[in-house]
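All remarks here apply to the structure that follows.
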Amino acid sequence: MTNAEDFLLRLALDRGLVTAAAVDAVRQTGSAGSTEELVASGALDRQALARAVAEEFGLPFVDVAGWRIPADALRGLPRSFAVRHKVCPLALSDGVLQVAVPDPLDLSVVDAVGHAAGHPVKLCVAPAEDLRRLVARHYGSGVGETLSHEPGDAMDATAAESAAMPADDAPVIRTVHEIIREAVRRRASDIHLEPLARRLRVRYRVDGRLVEAVSPPRHLQLALISRVKLMANISIAEKRVPQDGRIHVDLAGRTVDLRVATLPTSQGESVVLRLLDPEGVCRGLADLGLEAEDEARFTNLLGSPDGIVLVTGPTGSGKTTTLHASLHHLNRTSRKIITVEDPIEYRLPGINQVPVRPEVGMTFAAALRAMLRQAPNVVMVGEIRDRETADIAINASLTGHLVFSTLHTNDAVGAVTRLIDIGARPFLVAAALRATVAQRLVRRICPHCRQASPATPAERRLLRTAAGPRGEIQLMRGRGCARCHGTGYLGRLGIFEMFFITDEARALVYRRAPAAQLRARARLDGLRTMREDGLRKVLAGWTTIEEVLAVAAGDGTPSDPDFSP
């Protein structure tokens, strides 16, 4: 018994359309106990089953007994197609063809209907036997053959891709596009399609938090994932190894790129779609959320003709956004800028971007070595992962290039020790490094529903260092509204820890001083920790204490037991 037949049988049992005893009785005769056999035995009413299927899929049920089909509707589907697939056009209204199908679970038929029809399609459900009689009654004279592509030829899903029909003609295609459209509407950064034991879970990552959406029917799992893989131009037959692809979607005139990654799991393939919205790219330093003093110092740093600037933090902390904002600030016709990225997520106009391709030997180190022969002024390396890349980046900075890159460390000072641990020589690090920036992302209070509230005693104790001597402290919070989907937050901003390398700090790096000593020097030179920066932004009304403590609780600043994350 197929998955579709198993679904129909379970639906009939759940709706009370047939009894388990009746199924057992049919099976005792040597039959499989399918719904067709149950209908033939009289234990199951085919009209009632069709109504249940229609209700399950949210489609209208149509009793086609005695139905008269207009000639213009008949011309909407070729006779050979209608006979082969037991479907039938019923009416043509406002350019939309209503087509009755017996089984919306048969996705190949549903998909083919949308592409074989000469009009946009609206589906409904009717019993298969009733549709067979309707087709025989109306197509007997051969009306409708004129639109057939080839006699007896039914377009499959692959051929349908080249037919350039509207994307929302078939339920599976429509479902995928609706998932993407909803992600864009919610400003999601990721879409997660996760097969579980009993359902396909759909989640959106909005402002760094995963939010669960309504799950599509479990039996559509394979069809939905295959549709995504087909759009991403990756193999739908390969389910054993991870695959990567890219999708370009046009939504109401707005182009959205999606990076697709699949991963085989015990329950099926898990798929993550990363939304790369060009309109969401940060275009300036002012958009990062830097304090005025930090922005001024960082802008001044970008005027350096050479040296290395490192941005650190875990995955998803906004490092790429900060680097792109820096490159955008520097992007002038008088400068040549080259980047090497893995992968290239956003296209930056006027900048040469090189993708990493390890399978052909194009690693970060190899690409960086080749880039330097292109005589650039500014170079960005997506990540320093090994000694070879670190050495080439340092040598590039010492020969007149301004180099940007990232490291995975917890704080700004840790980037220095990490470089040396990788194998870079301390005296070269001391000579090349200009600054390291550690960052995290926190949610921004929704500007449409934010309201002031007095700080509690625990909040005042936590804020006493950042607030200084002042009277009652007023904090901002979001009530929750339609624009922020009731969360009280809308968008994100960065909290930063900036370590500008002074002569005193450079001497410590040269001597390979311990991290604690280097951090003490940085504090004397004005370093403000991420937590302190975040608390200042709490006082400014940009975010909340809970957001700051969730990402920057253990950076060495005083804490309060009432706010342990």
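Data overview
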| item | result |
| --- | --- |
| Hits among aspartates and glutamates - C-alpha to C-alpha of K336 under 18 Å, sequence gap 8 or more where chains match | D306 |
| The stretch 323-381: relative contact order in percent, alpha carbon pairs under 8 Å with at least 6 residues between | 40 percent |
| Helix-only CD estimate at 222 nm, as mean residue ellipticity for the chain, using -39500 (n - 2.57) per DSSP H run (n ≥ 4) | -10500 deg cm²/dmol |
| Solvent-accessible area per residue for the stretch 327-456 (1.4 angstrom probe, square angstrom) | 42 Å² |
| Fraction of beta bridges assigned by DSSP in the stretch 289-448 that are antiparallel (%, nearest 5) | 5 percent |
| For the stretch 194-312: rounded, prolate or oblate by the Cα gyration tensor [a/c cutoff 1.5] | prolate |
| Relative contact order of the chain, pairs being alpha-carbon contacts under 8 Å that are 6 or more residues apart, as % | 8 percent |
| Proximal aspartates and glutamates to K229, defined as alpha-carbon separation beneath 18 angstrom and excluding residues fewer than eight positions away on the same chain | D111, D156, E161, D168, E178, D190, E194, E238, D244, D250, D257, E269 |
| Between 0 and 90°, nearest 10: helix 221-231 axis offset from the chain longest Cα axis | 60 degrees |
| Residue order for V214, V271, V360 - accessible surface, 1.4 angstrom probe, largest first | V214, V360, V271 |
| Exposure ranking of F298, F500 by accessible area [1.4 Å probe, largest first] | F500, F298 |
| Peptide ranges 380-387, 452-459 listed from the most packed, as the mean C-beta count within 10 angstrom indicates | 380-387, 452-459 |
| Pairs of alpha carbons in the chain whose separation is greater than 35 Å (percent) | 53 percent |
| Global geometry of the stretch 438-522, whether rounded, prolate or oblate, following the gyration tensor of its Cα atoms and the 1.5 cut on a/c | oblate |
| Whole-percent carbon and sulfur share, accessible surface of the chain, 1.4 Å | 50 percent |
| Å³ per residue enclosed by the Cα convex hull of the stretch 353-485 | 206 Å³ |
| Charge tally in the Cβ shell below 9 Å around E291, where Lys, Arg are +1 and Asp, Glu are -1, E291 excluded | -1 |
| 0 to 90° range, to nearest 10: angle between helix 387-398 axis and the chain longest Cα axis | 60 degrees |
| Antiparallel DSSP beta bridges within the chain, as percent of all bridges there, nearest 5 | 65 percent |
| Cα gyration tensor category, rounded, prolate or oblate, for the stretch 1-131 with a/c compared to 1.5 | prolate |
| Under 25 Å from K86, Cα to Cα: lysines that are on another chain or at least 8 residues apart | K122 |
| In Å², nearest 10: area of R185 left accessible to a 1.4 Å probe | 140 Å² |
| Estimated dipole of the chain in Debye, rounded to 20 [Cβ of Lys and Arg +1, of Asp and Glu -1, Cα centre] | 1580 debye |
| Surface accessible to a 1.4 Å probe, M231 within the full protein complex, Å² | 40 Å² |
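The values are calculated or read from the model by the stated rules, or taken from the named source; none is laboratory data. From a predicted model like this one, the values you see are computed outputs, not experimental measurements. Because the Cβ atoms are built from the backbone with ideal geometry, glycine has one as well, and the counts that use them run over all protein chains shown. Remember, those area values only see protein heavy atoms, side chains included, never the ligands or the DNA or RNA. Shrake-Rupley method; radii C 1.70, N 1.55, O 1.52, S 1.80 Å.
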